[in-house]
Amino acid sequence: MALVPGIGRARREVLLGAFETPAAVFGQPLDRLARLPGMNRAAATAIRDSDPRAGERVIARAARAGGHV
């Protein structure tokens, strides 16, 4: 979720408080995301349009380059 534009610490906390896991957040319908406190339709759309596996790819690229996260 950290890679989703418009989703910072405060929204992440709201989302995880409501749905407990990032996987559950990514599985929610747009309208349910948009109704949460501090969320709006644009932020909910950014979540729905993002790839939940993007973070795994960033970590894998860093590992191949000798880095770690």
CD proxy, 222 nm, the chain: helix-only mean residue ellipticity via -39,500 (n - 2.57) per DSSP H run with n ≥ 4, per residue, nearest 500, stands at -16000 deg cm²/dmol
Taking the dipole of the stretch 5-69 about the Cα centre (Lys, Arg +1; Asp, Glu -1; charges at Cβ), the one of A62, G8, Q28 that reaches farthest to the positive side is A62
Share of accessible surface on carbon and sulfur in the chain, whole %, 1.4 Å probe and ligands ignored, is 55
With every protein chain kept in place and a 1.4 Å probe, the chain has an accessible area per residue in Å² of 67
A student asked for the Cα radius of gyration and Dmax of the chain in angstrom ought to give 13.0, 41
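The values are calculated or read from the model by the stated rules, or taken from the named source; none is laboratory data. Just so it is clear, the structure is predicted and the values come from calculations on it, not from any experiment. When we count neighbours, we look across all protein chains shown, and the Cβ atoms used for this are built from the backbone with ideal geometry, even at glycine. Keep in mind that these areas ignore ligands, DNA and RNA; they rest on the heavy atoms of the full protein, side chains included. Shrake-Rupley method; radii C 1.70, N 1.55, O 1.52, S 1.80 Å.
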